[in-house]
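First the structure, in the form of structure tokens, and then the observations on it.
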Amino acid sequence: MVPELGHYALVLAIVVATVQAVIPQIGAARRDAAWMAIAAPAARAQFWLVLLSFICLTISYVTSDFSVENVFQNSHSLKPMIYKISGVWGNHEGSLLLWILILTLFGAAVAQFGDNLPPSLKARVLSVQAMIGVGFLSFILFTSNPFARLDPAPLEGNGLNPLLQDPALAIHPPFLYLGYVGLSVAFSFAVAALIEGRVDPAWARWVRPWTLAAWGCLTAGISLGSYWAYYELGWGGWWFWDPVENASFMPWLAATALLHSAIVVEKRDALKSWTILLAILAFSLSLLGTFLVRSGVLNSVHAFATDPERGVFILAFLIAVVGGSLTLFAIRAPSLKGGGLFQPVSREGTLVLNNLLLSTACATVLLGTLYPLFLDAVTGEKVSVGAPYFNAIFVPLMTPLIAALGVGPMMAWKRGDLLGVLGRLKLVVFVTLVAAGFMFWAVYDGMLLAVLGMALVVWLVLSVVWEWGERVKLFRVGIGETWARARGLPRSAYGMSLAHLGVALMVLGITASEAWQEEIQTIMRPGDVQQVGGFDLTFVGAQTLPGPNYSALTGSFVVTRDGRPVTVLQPEKRTFTNPPEETTEAAIRTTFAGDLYTVVGEADGEGGYAVRLYYKPLVVWIWLGTVAMIGGGLASLSDRRLRVGAPSTRRTETHAAGLAAAGAGD
Amino acid sequence: MTEATETAAGARKAPATRWLVGLLPVVVFATIGWFLYQGLSLDPKTIPSALINKPVPEFDLPPLPGHERGLSRADLTEPVQLVNVFASWCVACRVEHPLLMEMQRKGVVPIHGLNYKDGPSDAVAWLNQYGDPYDRIGVDLNGRVGIDFGVYGVPETFIVDGKGVIVEKIIGPITPMILQEKLLPLIAKMRADAGAARP
């Protein structure tokens with residue numbers, strides 16, 4: 001009964017979505033207020049229906065109703081409750097339902113919070129949002145019904161892939177989808193603006209908070225996934241340039257570019273058609289990611305069970321959405337009027353440089369991800385593109401990006417003065433050069449990249465702090481006035497600084513952990529001692545213990561430093577029976593200075609065990625950096641100007657005037 | 001990124017140029033779409049199985065620096081042996097590596113390495129770090145032999161019998177499950193067959 005209710009709710013949802021897609025669009029074209037007004041309640045209804053359906057599927061999982069094929073395939077009665085629930089989205093059908101739930105959630109949110117939008121724009125945005133909804137709802141109803149029944153019902157389920165039975169991975173997909181799907185709002189706004197034929201600073205101001213929210217969630221989702229890979233896959237890596245990782249990274253790069261170019265639209269009324277294009281591309285890349293993961297076109301460790309029929313459907317949908325919106329763009333974009341003029345050296349110019357580098361990065365990831373497919377289709381040769389390609393591309397692209405990042409926020413709008421800014425930053429430049437020289441002298445061991453990375457970190461941190469210091473006139477006026485200025489700075493300014501510091505922290509973590517990692521792989525017998533990262537690790541032994549739905553080989557290391565006890569690390573190797581698979585649970589001692597990372601492996605049959613021991617200096621800053629970026633996003637999001645939306649232009653100006661020449665940049 | 005110049009240059013550009021610029025994304029996407037459509041009918045996991053039950057192609061590869069034994073077709077003389085295609089840049093190779101080490105330690109089956117499109121010094125460093133499970137290693141610097149074998153991704157493992165015929169091929173890392181359910185029974189069977197043929 002419950003599954004049927006869920007299925008029925010989905011059918012109702014597609015009917016509502018169809019109405020929401022058609023009627024308000026016609027209403028907007030005819031300026032018919034009543035027809036346009038249907039959009040908002042329809043969006044809310046669609047959300048409640050999909051939520052009902054999602055709850056029904058969750059109930060089937062929680063009660064282990066194996067008469068539902070999806071539950072049978074992906075769950076097991078012995079599984080801990082949290083993984084029964086996360087099992088709902090640990091498979092193709094369920095994750096698609098989650099995707100749709102989030103899509104309708106965003107639609108309902110636009111309906112709820114979009115009261116300050118012009119009625120025709122709101123109607124069109126919701127209509128476009130509903131068109132996407134119709135596409136995905138037909139996908140799930142026609143090719144991937146999560147409520148299909150089995151008769152007779154099996155007694156026990158197949159179980160969830162043990163690698164996925166992990167807390168970080170339980171919440172990783174929802175965040176990722178919030179990001180992917182959140183970009184649909186920017187997309188809908190872009191398409192609606194193209195239909196309206198009007199893009200102005202107000203439009204950018206409406207779009208930015210949605211993009212910011214989606215970007216923050218996407219950052220969180222990717223970061224969680226990478227942290228999961230770090231401690232679960234057991235070789236201490238945290239990013240593998242796997243096609244599915246790339247599928248989430250490309251929209252992130254596009255969304256990051258979009259965040260920055262929308263600032264130019266908002267402040268200077270320029271870069272309009274480029275910004276619209278970015279909004280379309282960011283969501284298109286999300287859809288492309290969905291296609292790559294679910295069609296089996298590319299080989300990946302993440303790929304869901306695939307099915308050619310689904311591939312054809314998503315591809316058709318992809319072509320309709322992306323092809324349609326890009327064609328609309330080709331028709332309408334030339335008629336968008338360009339706004340403010342600017343010199344290449346200016347705040348706009350640095351934001352353009354940011355966009356140029358980010359979109360080049362995005363294009364190279366796209367090329368690297370699809371290259372095996374291109375080659376296979378043209379020559380039949382099968383290849384895989386690995387980390388060497390991506391690393392070779394990313395270092396030269398990110399270096400100028402980070403170098404410019406220090407200068408950009410201090411540049412004036414319209415016409416900047418690079419030498420002047422560098423003059424203001426002369427102390428920072430000097431300290432950076434000294435730091436680089438010191439690194440070169442002190443720790444240089446043939447890795448020029450490490451020196452470069454650390455120099456960039458110093459440069460970025462100092463220039464961010466310097467920029468803030470200039471704004472609050474640190475040490476130039478009394479401490480009281482500085483405090484008043486610091487409090488008076490808009491939150492979006494703090495958001496920017498925090499996010500940029502996050503970038504610096506990430507570069508710090510990446511550089512240090514790659515350059516100065518220590519790694520030992522050996523066989524250890526009880527009593528053996530190994531030294532790594534200044535710690536002495538004594539292997540006590542290993543034993544096999546039962547867990548809730550697995551058995552675990554647990555090794556024990558007593559960690560001491562200079563003879564003083566530090567901690568005991570107990571890595572596990574878990575053997576699951578349903579389905580049969582092994583996972584490693586690394587035991588990690590995380591500190592701000594570095595991670596001690598231990599993995600226990602096979603017994604050698606003579607009393608020894610294969611172990612891997614790593615010391616990864618500063619590695620945790622990679623994820624703390626992403627936390628700072630997300631924090632920056634949240635700070636910007638809480639800025640009053642973004643919350644209130646468009647009509648606050650005048651207030652902002654008076655506010656900014658109070659802050660004198662430093663200005664109210666983002 | 002056309003618009004920066006566009007904005008800076010004002011409205012000097014001819015409308016036709018703007019149209020072409022607008023069309024560019026559509027064209028790029030159409031190309032990608034065409035490839036994606038092609039991709040649907042290609043399965044990255046299917047093996048060009050032409051070489052299965054065929055003899056190993058003729059090859060003779062030099063050893064890694066510091067290693068003595070290279071790998072050639074004439075070296076494949078055991079009743080069963082594995083030829084494991086690996087590279088230091090290949091992440092999945094690290095996944096299967098402990099299992100190869102264990103197989104070597106227990107003497108399950110001779111394993112030969114085909115070091116595919118790798119920097120020889122990188123490969124040596126990699127083996128020093130993680131251990132060397134291989135009897136012989138041939139360096140396939142430009143991937144020429146790999147192409148003859150039909151290698152399309154790394155790691156890949158060929159099971160070769162005493163007559164130099166490829167009996168089976170494993171795509172991707174060898175997992176404990178593949179070892180238990182596929183590889184070990186196959187090795188036992190091949191050994192038994194070879195024993196029956198040569199009493």
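For segment A:327-336, does any single residue satisfy the condition of being without any contact (Cβ under 8 Å) to a residue 12 or more places away in the chain, over 27 Å from B:Cys93 (Cβ atoms) and of a type in the set (S, T, N, Q)? Looking for residues that are without any contact (Cβ under 8 Å) to a residue 12 or more places away in the chain, over 27 Å from B:Cys93 (Cβ atoms) and of a type in the set (S, T, N, Q), one finds at least one in segment A:327-336, hence yes. More than 7 Å from every other protein chain (Cβ to nearest Cβ), free of Cβ contacts under 8 Å to residues at least 40 places away in the same chain and either in contact with a helix residue (DSSP H, G or I) (Cβ under 7 Å, 6 or more places away or on another chain) or not β-branched (Val, Ile, Thr) (or both): does that describe A:Gly324? So A:Gly324 passes the test.
Within the span defined as segment A:379-398, every residue fails to be surrounded by 19 or more Cβ atoms within 10 Å (Cβ to Cβ), within 10 Å of another protein chain (Cβ to nearest Cβ) and either assigned to a helix (DSSP H, G or I) or at positive phi (or both).
Taking (1) of a type in the set (Gly, Ala, Ser); (2) in contact (Cβ under 8 Å) with a residue 12 or more places away in the chain; (3) more than 14 Å from A:Leu105 (Cβ to Cβ) in turn, A:Ala43 satisfies each apart from (3).
Looking for whichever is free of Cβ contacts under 8 Å to residues at least 60 places away in the same chain, buried (at least 23 other Cβ atoms within 10 Å of the Cβ) and among the aliphatic types (A, V, I, L, M) here; the options are A:Val62, A:Val125, A:Val71, A:Val88. Which one fits?
On the way: A:Val62 fails: buried (at least 23 other Cβ atoms within 10 Å of the Cβ); A:Val125 fails: free of Cβ contacts under 8 Å to residues at least 60 places away in the same chain; A:Val71 fails: free of Cβ contacts under 8 Å to residues at least 60 places away in the same chain.
Among A:Val62, A:Val125, A:Val71, A:Val88, only A:Val88 is free of Cβ contacts under 8 Å to residues at least 60 places away in the same chain, buried (at least 23 other Cβ atoms within 10 Å of the Cβ) and among the aliphatic types (A, V, I, L, M).
Summed over segment B:33-53, the residues that are facing chain A (nearest Cβ under 7 Å) and either at pLDDT 80 or above or in a helix (DSSP H, G or I) (or both) give a count of 7.
Filter segment A:307-358 down to the residues that are among the polar types (S, T, N, Q) and modelled with pLDDT of 85 or more, then identify the one that is surrounded by the fewest Cβ atoms within 10 Å (Cβ to Cβ). Lay out the reasoning, then the answer.
Of the residues in segment A:307-358, the ones among the polar types (S, T, N, Q) are A:325, A:327, A:335, A:343, A:346, A:350, A:354-355.
Filter again for modelled with pLDDT of 85 or more, leaving A:325, A:327, A:346, A:350, A:354-355.
On the way: A:Ser325: 26, A:Thr327: 16, A:Ser346: 22, A:Thr350: 23, A:Asn354: 21, A:Asn355: 24.
Among those residues, the one meeting the criterion is A:Thr327.
Within segment B:54-94, being within 14 Å of chain A (Cβ to nearest Cβ), closer than 24 Å to B:Leu183 by Cβ and either in a loop (DSSP other than H, G, I, E, B) or more than 18 Å from the chain's Cα centre (by Cα) (or both) holds for B:Ala87, B:Ser88, B:Cys90.
Can A:Leu373 be described as outside any loop (DSSP other than H, G, I, E, B), buried (at least 17 other Cβ atoms within 10 Å of the Cβ) and aliphatic (A, V, I, L, M)? Against the criterion (outside any loop (DSSP other than H, G, I, E, B), buried (at least 17 other Cβ atoms within 10 Å of the Cβ) and aliphatic (A, V, I, L, M)), A:Leu373 qualifies.
Evaluation of A:Phe304 against the conditions (1) closer than 17 Å to A:Leu357 by Cα; (2) at pLDDT below 85; (3) not aliphatic (A, V, I, L, M) shows that the sole unmet condition is (1). The residues listed here are A:Ala168, A:Ala153, A:Ala108; of these, the one that is at pLDDT 85 or above and on the phi < 0 side of the Ramachandran plot is A:Ala108.
Rundown of residues vs (1) under 19 Å from A:Leu425 (Cα atoms); (2) modelled with pLDDT under 90; (3) touching a helix residue (DSSP H, G or I) at 6+ places or on another chain (Cβ under 6 Å), yes/no style:
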{"site": "A:Leu449", "(1), (2), (3)": "no, yes, no"}
{"site": "A:Val457", "(1), (2), (3)": "yes, no, yes"}
{"site": "A:Glu470", "(1), (2), (3)": "yes, yes, no"}
{"site": "A:Arg476", "(1), (2), (3)": "yes, yes, no"}
{"site": "A:Ala484", "(1), (2), (3)": "no, yes, no"}
{"site": "A:Ser492", "(1), (2), (3)": "no, yes, yes"}
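Any chance you could count how many residues in segment A:358-372 are more than 10 Å from every other protein chain (Cβ to nearest Cβ) and within 30 Å of A:Leu422 (Cα to Cα)? Total satisfying the criteria: 3.
Conditions tested, residue by residue: (1) in contact (Cβ under 8 Å) with a residue 60 or more places away in the chain; (2) under 27 Å from A:Ala635 (Cβ atoms); (3) out of contact with any Pro (no Cβ under 9 Å at 6 or more places or on another chain).
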residue: A:Ala404; (1), (2), (3): no, yes, yes
residue: A:Ala455; (1), (2), (3): no, no, yes
residue: A:Val465; (1), (2), (3): no, yes, yes
residue: A:Leu474; (1), (2), (3): no, yes, yes
residue: A:Thr482; (1), (2), (3): no, yes, yes
residue: A:Arg487; (1), (2), (3): no, yes, yes
residue: A:Ser492; (1), (2), (3): yes, yes, yes
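Criterion applied to A:Ala610, A:Ala552 was being of a type in the set (A, V, I, L, M), modelled with pLDDT under 85 and either touching a strand residue (DSSP E or B) at 6+ places or on another chain (Cβ under 6 Å) or surrounded by fewer than 17 Cβ atoms within 10 Å (Cβ to Cβ) (or both), and the one residue passing it is A:Ala610.
Of all residues in segment B:64-78, those satisfying the criterion of being surrounded by fewer than 19 Cβ atoms within 10 Å (Cβ to Cβ), in contact (Cβ under 8 Å) with a residue 24 or more places away in the chain and over 25 Å from B:Ala125 (Cβ atoms) are B:Arg73, B:Thr77, B:Glu78.
Specify which of the listed residues (A:Ala504, A:Ala542) is buried (at least 16 other Cβ atoms within 10 Å of the Cβ) and in contact with a helix residue (DSSP H, G or I) (Cβ under 6 Å, 6 or more places away or on another chain). Talk me through it step by step, then tell me what you get.
Values: A:Ala542 fails: in contact with a helix residue (DSSP H, G or I) (Cβ under 6 Å, 6 or more places away or on another chain).
So the residue among A:Ala504, A:Ala542 that is buried (at least 16 other Cβ atoms within 10 Å of the Cβ) and in contact with a helix residue (DSSP H, G or I) (Cβ under 6 Å, 6 or more places away or on another chain) is A:Ala504.
Checked against (1) within 10 Å of chain B (Cβ to nearest Cβ); (2) assigned to a helix (DSSP H, G or I); (3) more than 21 Å from A:Leu178 (Cα to Cα), A:Ile280 passes all but a single condition, namely (3). In the set (1) more than 7 Å from every other protein chain (Cβ to nearest Cβ); (2) touching a Ser or Thr at 6+ places or on another chain (Cβ under 7 Å), the condition left unmet by A:Ser346 is number (2).
Quick one: would you say A:Leu351 is among the hydrophobic types (A, V, I, L, M, F, W, C), closer than 30 Å to A:Gly469 by Cβ, in contact with a His (Cβ under 7 Å, 6 or more places away or on another chain) and at the interface with another protein chain (Cβ under 10 Å from one of its Cβ atoms)? If you could, list the steps in order and put the result at the bottom.
Values: among the hydrophobic types (A, V, I, L, M, F, W, C): yes; closer than 30 Å to A:Gly469 by Cβ: yes; in contact with a His (Cβ under 7 Å, 6 or more places away or on another chain): yes; at the interface with another protein chain (Cβ under 10 Å from one of its Cβ atoms): yes.
Against the criterion (among the hydrophobic types (A, V, I, L, M, F, W, C), closer than 30 Å to A:Gly469 by Cβ, in contact with a His (Cβ under 7 Å, 6 or more places away or on another chain) and at the interface with another protein chain (Cβ under 10 Å from one of its Cβ atoms)), A:Leu351 qualifies.
The set of residues in segment A:560-573 being in a strand (DSSP E or B) and surrounded by fewer than 19 Cβ atoms within 10 Å (Cβ to Cβ) consists of A:Thr560, A:Arg561, A:Arg564, A:Pro565, A:Val566, A:Thr567, A:Val568.
Of all residues in segment A:251-272, those satisfying the criterion of being crowded, with 24+ Cβ neighbours inside 10 Å, within 14 Å of chain B (Cβ to nearest Cβ) and in a helix (DSSP H, G or I) are A:Ala254, A:Ala257, A:Leu258, A:Ser261, A:Ala262, A:Val264, A:Val265, A:Lys272. If you go through segment B:95-108 and keep only what is surrounded by 19 or more Cβ atoms within 10 Å (Cβ to Cβ) and either over 14 Å from B:Pro133 (Cα atoms) or over 18 Å from the mean Cα position of the chain (by Cα) (or both), you end up with B:Met101, B:Glu102, B:Met103.
Please indicate, with yes or no, whether at least one residue in segment A:432-446 is surrounded by fewer than 17 Cβ atoms within 10 Å (Cβ to Cβ), out of contact with any helix residue (DSSP H, G or I) (no Cβ under 8 Å at 6 or more places or on another chain), assigned to a helix (DSSP H, G or I) and at pLDDT below 85. Checked against the condition, which is being surrounded by fewer than 17 Cβ atoms within 10 Å (Cβ to Cβ), out of contact with any helix residue (DSSP H, G or I) (no Cβ under 8 Å at 6 or more places or on another chain), assigned to a helix (DSSP H, G or I) and at pLDDT below 85, segment A:432-446 yields at least one hit. Scanning segment A:85-98 for residues that are of a type in the set (Val, Ile, Thr), part of a helix (DSSP H, G or I) and in contact with a Ser or Thr (Cβ under 6 Å, 6 or more places away or on another chain) turns up at least one hit. Is it the case that segment A:2-21 has a residue that's within 30 Å of A:Pro167 (Cβ to Cβ), modelled with pLDDT of 95 or more and touching an Asp or Glu at 6+ places or on another chain (Cβ under 9 Å)? Checked against the condition, which is being within 30 Å of A:Pro167 (Cβ to Cβ), modelled with pLDDT of 95 or more and touching an Asp or Glu at 6+ places or on another chain (Cβ under 9 Å), segment A:2-21 yields no hits at all.
The values are calculated or read from the model by the stated rules, or taken from the named source; none is laboratory data. Worth saying up front: this structure is predicted, and the values here are computed from it rather than measured. Using ideal geometry, Cβ is built from the backbone for each residue, glycine included, and neighbour counts are taken over all protein chains shown.
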